[in-house]
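Single-structure report; data block below.
The values are calculated or read from the model by the stated rules, or taken from the named source; none is laboratory data. Bear in mind the structure is a predicted one, so any value in this text is a computation, not a measurement. Cβ placement follows ideal geometry from the backbone for every residue including glycine, while neighbour counts extend to all protein chains displayed. The accessibility values were calculated without ligands, DNA or RNA, using every heavy atom of the protein model including side chains. Shrake-Rupley method; radii C 1.70, N 1.55, O 1.52, S 1.80 Å.
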Amino acid sequence: MRGARTLETFLRDFGRDHQRRRGPNREGTRVRVGVDVGGTHLRVEAFDDDWKSVERLKIRVRDDMSPAGVAGQIKSALEGFSGIESLGVGLAGQMSADGSMVYNAPNLGWRNVAFKAELSTLLGLGSDRLAVVNDLNAVLWGEYVAGAAKGATDVLAAWVGSGVGGAIIADGRLVIGAGGKAGELGHVKVVVGGRRCGCGQDGCVEAYAGGVHLEKQVYALAAEHGLPGFEDPNAIDLALVDSQYRDVAVWTELWEKNTSYLALAIANALTVLNPSLLLLGGGVLENLENFRDLTLRKVVPLVLDAAREDLRIAFGELGDGAGTLGAAALSLQP
Ligand SMILES: [Zn+2]
């Protein structure tokens, strides 16, 4: 398990081991290709048998993000790639366990879309060589195959960015759940009858600790208390709040409260799952130093003692490459 360590050494060493890989370009190699469909960019990356990156492409998405529009953009992006053995596509959303149906992809505005069949037809690629997967499952699988989670058979991934996401590996297998929706860490309830979440329910941890909701809370509190620098709701600087956390009582209270909720959600998941690795990522945890450290210092005491003994903590190592690698690797799963 490269990159795994105790909490203290993790906090001390944070930031030293982020890295990116770029393999040699080998002509004629059979490749597995992963696609990460983001809100602004489409990332496409081809890997050889050893999961070395042999070709990588990042293109800005076009306006048409309908299923047909995205399928068309993937087809165009793949034109320069040859020898494709299999293709995995990761996107943010909830989907059926076999990936055939995307139930809900809020960022794309999709509901109940049979995207895999549409893509299979358009590309002329058999469905046995094609996978459509949740993007965070792809990230965790990528880190498991070739990154920070390599060698760990039981992993909880907690990603805190604009939202809060989770993914689980248990006994060396990705945990999908009966309906494909396992690992929804962001919608674990931490306050009964609490803040309204984007999922439509109340009191989810994402409604407190997700970046979008942090910005909303900061904006409202700054207005209420007359704190300068946060007048534009579309340009809330969370790093500024993080830097003022000890000096401004309003921010101290907000950070203490929200990191407690986040720690509670993560710790309870750790108690239930007993993983050997807590894998972390996402802009809020990577960029907001005080928020991250507060969260992690609160997580450990909340985990059942017996489940804490084997626990190590690491950040993802592969950056953007984790999602494409994981999607490509999942395309080979039966
Ligand atoms: Zn929710």
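A straight chain from Leu122 to Ala97 at 0.36 nm per residue would run longer than the Cα-Cα distance by 6.8 nm. Each Lys and Arg adds +1 at its Cβ and each Asp and Glu adds -1 at its Cβ; summed about the Cα centre, the chain shows a dipole of about 460 debye. Taken over the chain, the convex hull of the Cα atoms encloses 135 Å³ per residue. Annotation: lysines with alpha-carbon distance below 24 angstrom to Lys52 (same-chain offsets under eight excluded): Lys75, Lys150.
Normalised by the number of residues in the stretch 226-334, the average gap of Cα pairs under 8 Å and 6 or more apart makes the relative contact order 28 percent. How much net charge surrounds Tyr219 when only the other residues with a Cβ under 13 Å from the Cβ of Tyr219 are counted, with Lys and Arg +1 and Asp and Glu -1? Overall, the nearby charge balance is -4.
When the GluC sites (Glu not before Pro) in the stretch 207-313 are filtered for DSSP coil states and for at most 15 other beta-carbon atoms within 10 Å of their beta-carbon, the remaining sites are Glu231, Glu309. Here the Gaussian network model covers the chain, with springs between Cα atoms less than 10 Å apart; of Val155, Val190, Val113, Val113 fluctuates the most. Entry comment: accessible area of the chain is 45 Å² per residue, from protein heavy atoms only and a probe of 1.4 Å.
Shown for the stretch 152-315: lysine pairs separated by 8 or more places, or found on different chains, whose C-alpha atoms are under 18 Å apart, numbering 5. With all protein chains present, how much of the accessible area of the chain (probe radius 1.4 Å) comes from carbon and sulfur, to the nearest whole percent? Of all accessible area on the chain, carbon and sulfur atoms account for 48 percent.
Computed from phi, the 3J(HN,Hα) profile of the stretch 69-85 under the Karplus parametrisation 6.51, -1.76, 1.60 (θ = phi - 60°) reads x, 5, 4, x, 5, 5, 4, 4, 5, 7, 4, x, 9, 10, x, 6, 7 Hz, with x in place of Gly and Pro. Between the stretch 32-102 and the stretch 244-282, the alpha-carbon centres lie 32 Å apart.
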